[in-house]
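Below you'll find the structure, written out as structure tokens, and then a few comments.
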């Protein structure tokens with residue numbers, strides 16, 4: 001896990017000032033890689049790379065980056081981990097390649113020399129990398145299929161620059177830093193900035209599962225090589241209906257395989273442990289497949305201690321069940337209120353989530369751990385959210401209402417009036433206005449604000465431009481091409497392409513890297529997805545819907561007290577903590593946000609959006 005950056009002056013010749021620009025980029029990302037830094041400049045001075053290292057695999061200087069190949073002149077900077085690098089290395093050795101390190105970075109470099117762009121189809125891991133090929137006088141960038149690792153770029157006046165974070169690009173280079181209307185609007189709609197947009201007009205995100213070439217002619221268009229949506233769509237067309245025993249065996253084997261892969265490291269690997277099925281199942285399987293004792297970390301909040309919102313006791317029982325060395329961290333209101341401004345300052349792009357990950361990462365790093373496993377992604381893969389069942393039901397009901405001319409507009413008007421008086425949720429009117437469209441219903445379920453609420457919050461021209469660029473709710477359907485043949489698959493794609501990618505994974509990255517901690521996600525794994533999507537898209541045996549099959553995967557299985565607990569999510573008293581910061585003062589003059597039932601996340605999103613302008 002690292003921070004990478006680079007500059008390629010593809011037009012107009014080398015610029016010596018690029019060295020200083022790159023140095024500023026690297027220094028701004030030092031917490032992503034406190035164990036070392038490196039820089040490289042091509043012989044012609046046109047391409048420059050910088051790297052910040054968090055040493056996880058091959059801790060020796062031989063694993064330092066930029067990684068170079070003397071014979072070809074190729075150079076690489078890489079952020080992430082390739083979990084199958086040892087198998088790929090063996091294949092390359094048999095093909096005649098020599099190695100001077102034990103790192104996965106060198107496997108990437110030599111893999112490109114051997115397989116070319118076909119390398120991407122062989123990788124299992126989380127990654128964002130850039131490779132300079134002097135034979136093509138070109139720069140090649142790529143990002144993993146789920147988008148676990150970030151990669152941003154700016155292309156202006158013949159200079160192409162990239163980095164692992166938006167803000168270093170924004171502050172270190174001369175680019176267009178005006179607010180991007182689509183990003184501001186998208187953030188207010190969903191609570192995160194939808195890729196490929198970023199908060200700056202001049203900076204874009206390389207989309208997940210895409211690669212990009214930059215040559216003397218400039219930057220080409222990102223080209224997709226792997227799609228989560230296509231995997232789900234193919235699974236929906238060819239579902240595999242299994243019996244109870246077969247399904248349990250398939251889930252156990254596939255998740256165990258991912259867990260084993262995600263423990264590849266030359267340093268200890270710990271785990272975040274909550275009271276939920278996702279992290280509990282991973283801890284159980286990790287404990288089965290290692291020799292050293294597993295360290296687990298659980299976050300508890302003092303104000304919830306001993307109440308129904310306290311999950312610590314359940315987590316501690318699971319740690320005991322699987323023989324883990326448990327670390328429980330209690331967070332007081334005073335500590336949280338003091339840390340919240342620091343976490344907000346660490347956000348690379350605005351988010352209404354991630355503070356819990358920031359807090360637990362802070363204390364995990366203090367224990368001396370450099371790598372931790374998280375249960376992120378279990379709900380999106382196994383259908384753990386209630387709206388996997390709710391959204392199709394809403395759609396069927398609205399379809400029936402739509403048969404009566406004029407009924408849906410009348411419903412929307414009535415619900416809108418009721419919401420003004422606090423009788424129903426502020427988003428209720430959207431059910432009638434958006435109608436029986438699955439993407440629209442997903443926007444209602446996941447969205448913070450509805451499109452027609454935004455003119456009351458921001459400049460009308462900015463809102464108009466942002467909405468025109470996004471075209472909500474249709475921007476949510478990017479991953480649904482080609483369309484899926486099942487509601488389960490459609491919702492899984494909507495989740496993976498939006499909430500998981502733009503919020504959960506992005507928050508996991510910035511919040512953990514703020515403390516120089518590598519966060520791994522065994523349930524967000526493209527190989528695992530291809531293995532399980534066909535059986536999860538099919539009707540499942542009675543009693544094995546949702547995440548029950550995952551809960552039964554470890555041996556022993558998770559206790560019934562965990563399996564049968566109602567899903568509650570991870571509770572944070574954020575509203576109270578936010579009130580202690582000056583951030584929320586910005587919303588008090590906005591009638592829409594003074595509504596007695598207005599959720600803190602809407603107020604927070606507005607306050608963060610205003611900061612962008």
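Values quoted throughout were computed directly from the atomic coordinates according to the rules given, and no laboratory measurement underlies them. Keep in mind that this is a model prediction, so the values were computed, not measured. All Cβ positions, even for glycine, are placed from backbone atoms using ideal geometry, and neighbour counts span all protein chains on display.
Miscellaneous remarks
- Residue 461-residue 303 FRET efficiency (beta carbon distance; Förster radius 51 Å; 0.05 resolution): 0.75
- Legend: calculated FRET efficiency, residue 545 to residue 93, from the Cβ-Cβ distance at R0 = 51 Å, rounded to 0.05, equals 0.65.
- Relative contact order computed over the chain (Cα-Cα under 8 Å; 6+ residues apart), in percent: 18
- Label sites at residue 11 and residue 157, each approximated as a point 7 angstrom past Cα along Cα to Cβ, lie 1.3 nm apart.
- Potential extension, residue 59-residue 86 segment - 0.36 nm per residue separation minus Cα distance: 8.2 nm
- Each 10 Å bin from 0 upward holds the following percent of the Cα-Cα pairs of the stretch 38-108: 19, 51, 27, 3.
- As computed over the stretch 1-89, the Cα convex hull volume per residue (Å³): 105
- Debye intensity ratio I(q)/I(0), log10, the stretch 178-257, q values 0.17, 0.24 Å⁻¹ (C-alpha model): -0.87, -1.12
- Evaluated at q = 0.11 Å⁻¹, a Debye calculation over the C-alpha positions of the stretch 48-181 (equal weights, vacuum) places log10 I(q)/I(0) at -0.41.
- Computed from the C-alpha gyration tensor, the three semi-axes of the ellipsoid equivalent to the stretch 228-613 are 35, 29, 18 Å, from longest to shortest.
- Normalised by residue number, the volume inside the convex hull of the Cα atoms of the stretch 237-311 is 158 Å³ per residue.
- Taking the Kirkwood radius as Rh and the Cα radius of gyration as Rg, the stretch 494-589 has a ratio of Rg/Rh equal to 1.07.
- Given R0 = 35 Å, the distance between the Cβ atoms of residue 396 and residue 579 translates into a calculated FRET efficiency of 0.30.
- Sorted largest first, the spans of the alpha carbon positions of the stretch 271-402 along the three principal axes are 58, 39, 32 Å.
- Based on Cα contacts under 8 Å between residues 6+ apart, the stretch 1-147 shows a relative contact order of 22 percent.
- When the stretch 178-326 is reduced to its Cα atoms, the Kirkwood hydrodynamic radius in Å: 19.9
- Model label sites at residue 338 and residue 27, defined 7 Å from Cα along the beta-carbon direction, differ in position by 2.9 nm.
- For the chain, calculated [θ]222 nm from helices alone, where every DSSP H run of n ≥ 4 adds -39500 (n - 2.57): -11500 deg cm²/dmol
- Estimated Rh, the stretch 435-490: Kirkwood, alpha-carbon pairs, angstrom: 12.6
- Working ranking of peptides 163-171, 291-299, 251-259, 68-76 by packing, defined as the average number of other Cβ atoms within 10 Å per residue, highest first, is 163-171, 251-259, 291-299, 68-76.
- Expressed in Å, the radius of gyration and Dmax of the Cα atoms of the stretch 143-228 are 12.9, 39.
- Gap separating the Cα centres of the stretch 344-402 and the stretch 540-613, nearest whole Å: 8
- Relative contact order (%) - the stretch 280-359, alpha-carbon pairs under 8 angstrom, separation at least six: 31
- For the stretch 172-188 versus the stretch 24-95, the gap between their alpha-carbon centres in whole angstrom: 30
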